[in-house]
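Comments concern the structure below.
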Amino acid sequence: MYYNVFKILKEGLNDNKGWKKTWKNPEIKKKYDVIIIGGGGHGLATAFYLAKEFKIKNIAVLEKNWIGGGNVGRNTTIIRSNYLLNENEAFYEFSLKLWETLENQINYNAMVSQRGVLNVFHSDAQRDSFVRRGNSMIINGADAELFDVDKIKSIYPFLDYDNARFPIKGGLFQKRGGSVRHDAVAWGYAHAADELGVDIIQNCEVTGFKIKSGTCIGVETNKGDILANKIGCAVAGSSSVLMSKANMNLPLESHVLQAFVSESLKPFIPGVITFGAGHFYISQSDKGGLVFGGDIDGYNSYAQRGGMDMLEDVCEGGLALMPTIGKARLLRMWGGIMDMSMDGSPIIDKTHIKGLYLNAGWCYGGFKATPASGWCFAHLLAKGDSHSLSENFQLDRFKNGYMIDEKGQGAQPNLH
Amino acid sequence: MIIDHPLLGPRDASEFIYLGDASLLNRPKWDEEKSENNFYKYLYLRENVAGMHKELWFHQQGDRSWLVISRNTVTHEIFKVELATEFKKNMGKSND
């Protein structure tokens, strides 16, 4: 079904009786060319680009719950490409470019809003590091501007500029960054993939891999065995659990990251702001709620909920940056399970088992990466070799010493 | 989470720093033939289980002791808290 304004007008006059399901619930076939495990943003994007860009027919996406129920529905919806290292920056800039045309590609309103991302800094040293980052962004074709305090005051007059401990000295601004309606990303990719003939199979949990003499020929599920030529795994925080069924240990730890939404307020935060002295980022949704988050709780977890001490830490950061939000009441909080890698960068690679491919290690930056992750993973699955933008995201880079450690923290996942 | 410290009694988890899987106590020998590969596995690969997990915590804002905690990563329920020195001493003796 193709969505357009005439369709909306027609259905409005027709009591909305003509809408069809956004995606079908097809019967499972015995064999597919490609199976994607994981019906989240990355899995659905991969299926879409496989069908659209790489002309693969006969694709299935297997999701153990309902699609979009994991991290794609549990994030703070921010998109940006403000990384320092070339391996990351080029990839995330490609992703941001894909976001800019996403809605036309998938014929779905994902409310992509390039409202600007501002990272404030609080010291001369931090200014230098942000300038360096901005230059790295510009070198890689992204946009970056350095804002002085007066410029920031003209947009955000309510920040605590004269904070005794962390005065605001300026900010690095990316105008093309912003936010996207996260659920609509999952639904939109599902809709578009379904239109291209991809089978989206929900409530289908993979319980094992069928591996014959070093080649993966299919999966075992709660709905029976399904064969495939190639199998791609994109299950984020559950990657270690899934890949352990193929006897693999990954360079990952699963950690819980919380996010929070306040009650609805009149619009007063036009863009995304991040605090430079603590871990705090905030934007205001189109419904008026303040959407904010901070750091991971810091210990291995599969619980999809975190502790109150991290809530306190996030709110302290928020109040140091903008005391005005102190009177807002918290409406909701939730947690998602992050696949924290050993260098803070992702993995898009084949495994030592033929036919089995892995997309994981997104830490807490997976949402903004969704389109590029899908594109590059689809490239790998279709052609068998890495896309030039993801060729550094190798699974064995830890063995070979080619880490991409954006923050320089070493093999300590809860510090990335 | 409340961590029942073997010396100090119940303490809030926010007083502690988390390091990771208790397998980090099993540092490989440096002078073996396969030591390069062993160190790669030791440093970078994790079982990352959903369920019972033995892990290292440091009581940074307390007595600065290292603890080995047996905790369920799905429910956050803590079953056992030991001093890392005691745990290490007993490592060879039992099967866990």
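The values are calculated or read from the model by the stated rules, or taken from the named source; none is laboratory data. What you are looking at is a predicted structure, and each value in this text was computed from that prediction instead of being measured. Please note: Cβ atoms are built from the backbone with ideal geometry, for glycine as well, and neighbour counts cover all protein chains shown.
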Tally the residues that are without any contact (Cβ under 8 Å) to a residue 24 or more places away in the chain and assigned to a strand (DSSP E or B), restricting the search to the stretch B:72-96.
-> 2
Do we find a residue being assigned to a loop (DSSP other than H, G, I, E, B) and over 22 Å from A:Lys383 (Cβ atoms) anywhere in the stretch A:7-15?
-> yes
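Conditions tested, residue by residue: (1) within 14 Å of chain B (Cβ to nearest Cβ); (2) aromatic (Phe, Trp, Tyr); (3) in contact with a Lys or Arg (Cβ under 8 Å, 6 or more places away or on another chain).
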site	(1), (2), (3)
A:Met243	yes, no, no
A:Pro251	yes, no, yes
A:Ser264	no, no, yes
A:Ile269	no, no, no
A:Gly276	no, no, no
A:Val291	no, no, no
A:Asp295	yes, no, no
Yes/no for B:Lys29 being away from chain A (no Cβ under 14 Å), among the basic types (Lys, Arg) and surrounded by fewer than 18 Cβ atoms within 10 Å (Cβ to Cβ) | yes
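Residue-wise test of (1) crowded, with 17+ Cβ neighbours inside 10 Å; (2) at pLDDT below 95; (3) touching a strand residue (DSSP E or B) at 6+ places or on another chain (Cβ under 7 Å).
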position	(1), (2), (3)
A:Ser95	yes, no, no
A:Glu100	no, no, no
A:Asn104	no, no, no
A:Val117	yes, no, yes
A:Phe121	yes, no, yes
A:Gln126	yes, no, no
A:Ser129	no, no, no
A:Asn135	no, no, no
A:Ile138	no, no, no
Identify the residue in the stretch B:32-62 that is within 8 Å of chain A (Cβ to nearest Cβ) and charged (D, E, K, R) and, among all such residues, is farthest from A:Asn400 (Cα to Cα).
-> B:Glu55
Could you look through the stretch A:336-362, keep only residues that are under 27 Å from B:Met1 (Cβ atoms) and either assigned to a loop (DSSP other than H, G, I, E, B) or more than 22 Å from the chain's Cα centre (by Cα) (or both), and pick out the one that is nearest to the other protein chains (Cβ to nearest Cβ)?
-> A:Met342
Residue in the stretch A:344-360 that is more than 30 Å from A:Asp33 (Cα to Cα) and at pLDDT 95 or above present = yes
Residue check for A:Asp385: closer than 23 Å to A:Ile56 by Cα, surrounded by 19 or more Cβ atoms within 10 Å (Cβ to Cβ) and free of Cβ contacts under 8 Å to residues at least 60 places away in the same chain | no
